[in-house]
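Enquirer: Got a structure here, written out as structure tokens. Questions coming.
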Amino acid sequence: MAIRKAGTVSPLRKGWDSLGRQINEMLDGRKIAGRPIRWYLSGWRGGTLVLLLAIVYPFFTALFSDLSQTLIGAGIQVGIYVLLALGLNIVVGYAGLLDLGYVAFFVFGSYTIAVGTAGIAKDASNHVVTLPQFNLWILLPVGALVAGVFGVLLGAPTLRLRGDYLAIVTLGFGEIVPIFFNNVPFFYGALGLTAVPPDPIQTPFGTVDFGSFTDHTAFYYLVLFVIVLVTLFVILIRDSSLGRAWIAIREDETAAAASGVNLVRTKLSAFGLGAALGGLGGVLNGTNLSHVDPGSFTFGISITVLVMIVLGGLGSIPGVILGAILIQFFNVYLLNQLNDVVHNNFLVSNSDAPLHFLANLDFNQAKFLITGIVLVLMVVLRPQGIIPNVRRQRELKGEGVAAEALSVVGALEAEEIGEATVTGPGAEDATEYAGPGSDARGREE
Amino acid sequence: MHVLAAAGTGLLIQQIENGIILGAIYALVALGYTLVYGIIELINFAHGDVFMWGTMVTLTLTQMLGIHGTVGGLALVGLLILFLAASMAFCAGLNVVIERYAYRPLRAAPRLAPLIAAIGVSFILENIAQLWRGADSVGYPPVFPAITFHLGSFSIGLLEILIILFSLALMYALNLFIRSTKLGRAMRATAQDPEAAALMGVNINQTISLTFLIGGALAGAAAVIYTLYIQFVWYFTGFEFGLIAFTAAVLGGIGNVTGAVLGGFLIGLIQALTIQYWPGGNGISWSDAAVFAILVLILVFRPSGLLGQQIPNKA
């Protein structure tokens, strides 16, 4: 069945496999109080553990007194992207619809909070118009609703498209939406708007200020609270009949339709809910950054979120949360730290130093380069992600027919060429693949 | 995009001329998308960035040769041949390497896997270029002499004439190759039915590599033309330009070679005219949105494009 001949595995793949084996051995072999580490990390136990870590994180940052607020700020940005990853996971991971324009919904959320709290806009003749002002608490659900409605509106005409066409159409929307906000004077065009921070709240325990510019702790806990709610919501809906319908569509659209799944309504609900979570993330993002301008919403954001969920494991809630934490913490914090370390180092700053050429290198610029490398390596080497979706892997394992047919073709090709280094994927790759849309059959038609 | 807004009389004709030249470049890049899609049904997202690397190669060669201004006579001919050879070879090689290491391992994987890999490759290519050349665009000297022919209010440059003739020649050569050579027949066979083609003795891997090679070479040629004509080089060109060229391929009917050429010229014209005639006069900032809107509309209402065959929805 497998076409890869003995001894032709690439060294990259070999090293990767041995790394995987070692991690698995550690998770199953090492025991704490009689149970393997994996037991502590799986299911609700793992979730509680992560939540506890997130709760104590601000206290932990106090150990680095001068960096404490920077680290909490990084935590907030990580949290916002966790929301985005959870939302995109509904669309790509569950329903199998590749959305490359997810940033559009982030834009809608961010502008909802900016326009809603600032209460100003410009009319056609460039005069300032006063609008009613709302606060964060009202705009959180409103932002999710606005983005969700746009998700449904944009999704309705496009969802009948084939997977790769849908991807390009969503990409087009993701580009048009920021251009629209940039060019229409109503939202202050390229200048953008400044969101008004929420007022401090008096509680019996003291004043809680979610909008403080100096102490981000309160806002951090707000984001964490929203994440917990959203995660529980996503788990509930995943296990509901709607969630099962999403997965059925992802696995086999025709079979799902034949079994009575309403394709349009099911796809639209995935698109709308995913968009709503993007909007929620956008509202928090707008509050956090306080300034919202169209230039900051790039295709890079859509892809960063996609990388998060591909890295963590499509369709796996712990996976996409982990992916978002890893990528975003790396992007917003570690790269800056790396910059500081490299640039302040005497090996670099001294003009005679051999490593002086590093002085002009900004590691932040390498952010998307690394994103791209991670994306390619994950898709090629471990498409199921760091924490694969167990149920999905099992489902895909059973899908042997298409994979077998394809591997026969692959074997034919390999013989024709007589090329020793063919790494054309054998059946095991095809069956283990947990990527979006399992339309392996599509290639055969 | 960056078409110089022409002023004065003959505005419309001038913009049509701009559109045709832009369209020729779009068409050359669109051919790369359409050939690859036709054969392995992959939107080669990195194709625009391969094109961008062609512009980088042209810029680098120019700088290495110490050219800062206009070149004339035989030196110009030699230079053009050198640029074309270098850029076409580089882009063709790059495209083949990408296929070999990023797409081929995923050939049996679900269809969206190679698309995600292609997006990753696109990011890698873009950002290496950015790290190397910086985030700002780099100016390119006016190497080609400004020789202009006038006909009443209508004027056209020698460069423009050469661009149109050369692009058409390349497209014709491609057409001949696909129609009447053995390798071209293998490409068509593979596009129709890879399994059957393999059984008939077509070397599938080699044919797919060849397709990427040709697509890359056309992008390389387009890159030289683009650099000489637009006169700047920017790491982000690949994304913008690539998406527009992809739109051209879709407009013509993806997988259809004639369609890609037709789509390229149409999109070039639409863009040039949007820039000039958009109500409110803010055409430049809307022209990209207009192209994306066209893309969305075609995909929604006529996914097979103008000349493409009606294919059943594989969902």
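Enquirer: Between B:ILE163, B:ILE116, B:ILE178, which is surrounded by 17 or more Cβ atoms within 10 Å (Cβ to Cβ), within 30 Å of A:VAL376 (Cα to Cα) and not hydroxyl-bearing (Ser, Thr, Tyr)? So that I can check it myself, show each step before the final result.
Expert: Working: B:ILE163 fails: within 30 Å of A:VAL376 (Cα to Cα); B:ILE178 fails: within 30 Å of A:VAL376 (Cα to Cα).
Result: B:ILE116 is the single residue among B:ILE163, B:ILE116, B:ILE178 that is surrounded by 17 or more Cβ atoms within 10 Å (Cβ to Cβ), within 30 Å of A:VAL376 (Cα to Cα) and not hydroxyl-bearing (Ser, Thr, Tyr).
Enquirer: Within the stretch A:146-185, how many residues are touching a helix residue (DSSP H, G or I) at 6+ places or on another chain (Cβ under 7 Å), surrounded by fewer than 19 Cβ atoms within 10 Å (Cβ to Cβ) and at pLDDT 90 or above?
Expert: Here the count works out to 1.
Enquirer: Output the residues belonging to the stretch B:55-85 that are without any contact (Cβ under 8 Å) to a residue 40 or more places away in the chain and within 23 Å of B:PHE239 (Cα to Cα). I'd like the intermediate steps shown before the answer.
Expert: Just the residues of the stretch B:55-85 that are without any contact (Cβ under 8 Å) to a residue 40 or more places away in the chain, to begin with: B:60-61, B:63-66, B:73-75, B:77-78, B:81-82, B:85.
Residues satisfying the conditions are B:THR60, B:LEU61.
Enquirer: Hey, another quick one. If we scan the stretch B:228-249, do we find a residue that is at positive phi and at pLDDT below 85?
Expert: Scanning the stretch B:228-249 turns up no residue that is at positive phi and at pLDDT below 85.
Enquirer: For the stretch A:31-40, check the following and say yes or no: at least one residue is of a type in the set (Val, Ile, Thr) and not in a helix (DSSP H, G or I). Spell out how you get there, then give the answer.
Expert: Taking the stretch A:31-40 as the starting set, the residues that turn out to be of a type in the set (Val, Ile, Thr) are A:32, A:37.
From what is left, the residues that are not in a helix (DSSP H, G or I) are A:32.
Yes, that holds for at least one residue.
Enquirer: Same structure, new question: Restricting attention to the stretch B:15-35, and to residues there that are among the β-branched types (Val, Ile, Thr) and in contact with a Phe, Trp or Tyr (Cβ under 8 Å, 6 or more places away or on another chain), which single residue is nearest to B:THR247 (Cα to Cα)?
Expert: Of all residues in the stretch B:15-35, those among the β-branched types (Val, Ile, Thr) come to B:16, B:20-21, B:25, B:29, B:34.
Filter again for in contact with a Phe, Trp or Tyr (Cβ under 8 Å, 6 or more places away or on another chain), leaving B:20-21, B:25, B:29.
On the way: B:ILE20: 16, B:ILE21: 17, B:ILE25: 13, B:VAL29: 11 Å.
Checked the stretch B:15-35; the qualifying residue nearest to B:THR247 (Cα to Cα) is B:VAL29.
Enquirer: So which of A:PHE134, A:PHE108 is farther than 23 Å from A:GLY295 by Cα, away from chain B (no Cβ under 14 Å), touching a Gly at 6+ places or on another chain (Cβ under 7 Å) and surrounded by 15 or more Cβ atoms within 10 Å (Cβ to Cβ)? Steps first, answer last, please.
Expert: Working: A:PHE108 fails: farther than 23 Å from A:GLY295 by Cα.
Sole residue among the options that is farther than 23 Å from A:GLY295 by Cα, away from chain B (no Cβ under 14 Å), touching a Gly at 6+ places or on another chain (Cβ under 7 Å) and surrounded by 15 or more Cβ atoms within 10 Å (Cβ to Cβ): A:PHE134.
Enquirer: Write out, first by first residue and then by second, each pair whose Cβ atoms fall under 7 Å of each other, whose residues are 6+ apart or on separate chains, and whose first residue, in the stretch B:132-158, is closer than 13 Å to B:PHE232 by Cα while the second is part of a strand (DSSP E or B).
Expert: B:SER137/B:PHE232; B:SER137/B:VAL233; B:VAL138/B:PHE232; B:VAL138/B:VAL233; B:GLY139/B:PHE232; B:TYR140/B:PHE232; B:TYR140/B:VAL233
Enquirer: Any chance the stretch B:20-36 includes a residue that's part of a loop (DSSP other than H, G, I, E, B) and out of contact with any Asp or Glu (no Cβ under 8 Å at 6 or more places or on another chain)?
Expert: Narrowing the stretch B:20-36 to residues part of a loop (DSSP other than H, G, I, E, B): none.
No; the residues of the stretch B:20-36 include none that is part of a loop (DSSP other than H, G, I, E, B) and out of contact with any Asp or Glu (no Cβ under 8 Å at 6 or more places or on another chain).
Enquirer: Sticking with this structure for a sec: Can you find, within the stretch B:119-138, the residue that is farthest from the other protein chains (Cβ to nearest Cβ) among those that are surrounded by fewer than 18 Cβ atoms within 10 Å (Cβ to Cβ) and not polar (S, T, N, Q)?
Expert: Residues of the stretch B:119-138 that are surrounded by fewer than 18 Cβ atoms within 10 Å (Cβ to Cβ), as a first pass: B:128, B:131-138.
Checking the rest, the ones that are also not polar (S, T, N, Q) come to B:128, B:131-136, B:138.
Numbers: B:ILE128: 6, B:LEU131: 6, B:TRP132: 10, B:ARG133: 11, B:GLY134: 9, B:ALA135: 7, B:ASP136: 12, B:VAL138: 16 Å.
Going through the qualifying residues, I end up with B:VAL138.
Enquirer: Then there is this: Residue by residue through the stretch A:137-196, note down the ones that are hydroxyl-bearing (Ser, Thr, Tyr) and within 21 Å of A:ALA95 (Cβ to Cβ).
Expert: Within the stretch A:137-196, the subset hydroxyl-bearing (Ser, Thr, Tyr) is A:158, A:165, A:170, A:188, A:194.
A:THR158, A:TYR165, A:THR170 - these are the residues of the stretch A:137-196 that are hydroxyl-bearing (Ser, Thr, Tyr) and within 21 Å of A:ALA95 (Cβ to Cβ).
Enquirer: Could you list, in sequence order, the residues of the stretch A:98-134 that are under 16 Å from the mean Cα position of the chain (by Cα) and charged (D, E, K, R)?
Expert: A:ASP99 - this is the single residue of the stretch A:98-134 that is under 16 Å from the mean Cα position of the chain (by Cα) and charged (D, E, K, R).
Enquirer: Let me ask something else about it. All but one of (1) aromatic (Phe, Trp, Tyr); (2) within 12 Å of another protein chain (Cβ to nearest Cβ); (3) farther than 30 Å from A:LEU98 by Cα hold for B:PHE83; state the number of the condition that does not hold.
Expert: So the condition that B:PHE83 fails would be (2).
Enquirer: Before we move on, is B:ILE98 surrounded by 16 or more Cβ atoms within 10 Å (Cβ to Cβ) and part of a helix (DSSP H, G or I)?
Expert: Numbers: surrounded by 16 or more Cβ atoms within 10 Å (Cβ to Cβ): yes; part of a helix (DSSP H, G or I): yes.
It is true that B:ILE98 is surrounded by 16 or more Cβ atoms within 10 Å (Cβ to Cβ) and part of a helix (DSSP H, G or I).
Enquirer: Could you tell me which of the residues B:PHE90, B:PHE45 is within 14 Å of another protein chain (Cβ to nearest Cβ), under 30 Å from A:ALA167 (Cβ atoms) and either under 24 Å from the mean Cα position of the chain (by Cα) or surrounded by fewer than 18 Cβ atoms within 10 Å (Cβ to Cβ) (or both)? Don't jump to the end; show me each part of the working.
Expert: Values: B:PHE90 fails: within 14 Å of another protein chain (Cβ to nearest Cβ).
Unique residue meeting the criteria: B:PHE45.
Enquirer: Among the residues of the stretch A:174-188, what is the count of those that are more than 9 Å from chain B (Cβ to nearest Cβ) and either free of Cβ contacts under 8 Å to residues at least 12 places away in the same chain or of a type in the set (A, V, I, L, M, F, W, C) (or both)?
Expert: 5
Enquirer: Among (1) over 21 Å from the mean Cα position of the chain (by Cα); (2) surrounded by fewer than 18 Cβ atoms within 10 Å (Cβ to Cβ); (3) in a helix (DSSP H, G or I), where does B:ARG104 come up short?
Expert: Exception for B:ARG104: condition (2).
Enquirer: Would you list the helices (runs of 4 or more DSSP H) that sit entirely within the stretch A:229-326 and hold 3 or more residues that are in contact with a Leu (Cβ under 8 Å, 6 or more places away or on another chain) and at pLDDT 90 or above? So that I can check it myself, show each step before the final result.
Expert: Numbers: elements: A:241-251, A:253-258, A:263-289, A:299-312.
In the stretch A:229-326, the matching helices (runs of 4 or more DSSP H) lie at A:263-289, A:299-312.
The values are calculated or read from the model by the stated rules, or taken from the named source; none is laboratory data. Everything quoted here is computed from the prediction, not taken from an experiment. Cβ coordinates were reconstructed from backbone atoms using ideal geometry, including for glycine residues, and neighbour counts include every protein chain displayed.
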